[in-house]
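Peer 1: Have a look at the structure that comes next, please.
The values are calculated or read from the model by the stated rules, or taken from the named source; none is laboratory data. Just so you know, these numbers come straight off a predicted model, no measurement behind them. Here the Cβ positions follow ideal geometry from the backbone for every residue, glycine too, while neighbour counts run over all protein chains shown. Note: accessible area is taken over every heavy atom of the protein model, side chains too, but ligands, DNA and RNA are not part of it. Shrake-Rupley method; radii C 1.70, N 1.55, O 1.52, S 1.80 Å.
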Amino acid sequence: MTQERTPTMKLPVILAACLLAASTVSFAQAPQGDAAKAPRKARFDCSQAKDPKACEERRAQLKAAHDKAVKACEAKKGGEHTACMRKELCAQSKDPAACEARAKEIQAARDKVREACKDKKGDDYSACVREQRAARKKQ
């Protein structure tokens, strides 16, 4: 004797599958509210500097220049945005030509590291990047 499956027997299975799918999607949401907008901690504490007031002024100038560049480049996306930001930030520097050259040099070094470590993932990738940077500093 075999039992036939009735449509009511399939209902719990279908319901469980739907609940699982819905819960997976709801947990995959990005955090909202204050956690998403938390301010970043500064890389360097100006209170530790030789001249804290000058440090704060320099930081304020850099932030203003960055905000101006962001506003000028907000319509661009991807590589075009990156190039626009570099151009805008370097245009505001003391020596724009030297700034552009240094930025391109840094980008080339970054691309070289990414190429060397492209096949690695996770901790192996992080270790590879550290090794590449250390090797470059020794040169």
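Peer 1: Scan region 66-78 and give yes if some residue there is assigned to a helix (DSSP H, G or I), without any contact (Cβ under 8 Å) to a residue 12 or more places away in the chain and under 26 Å from LYS137 (Cβ atoms), otherwise no.
Peer 2: The first filter runs over region 66-78 and keeps only residues assigned to a helix (DSSP H, G or I), leaving 66-73, 78.
Of the ones still in play, those that are also without any contact (Cβ under 8 Å) to a residue 12 or more places away in the chain are 67, 71, 78.
The next check asks that each one be under 26 Å from LYS137 (Cβ atoms); those that pass are none.
No: region 66-78 contains no residue that is assigned to a helix (DSSP H, G or I), without any contact (Cβ under 8 Å) to a residue 12 or more places away in the chain and under 26 Å from LYS137 (Cβ atoms).
Peer 1: Can you find even one residue in region 80-96 that is open to solvent by less than 100 Å² (accessible area, probe 1.4 Å), in a helix (DSSP H, G or I) and on the phi > 0 side of the Ramachandran plot?
Peer 2: No, region 80-96 has no match at all.
Peer 1: Only one of ALA134, ALA42 is surrounded by fewer than 10 Cβ atoms within 10 Å (Cβ to Cβ), in a helix (DSSP H, G or I) and modelled with pLDDT under 90; which? Reasoning before the result, please.
Peer 2: Values: ALA42 fails: in a helix (DSSP H, G or I).
The conditions single out ALA134.
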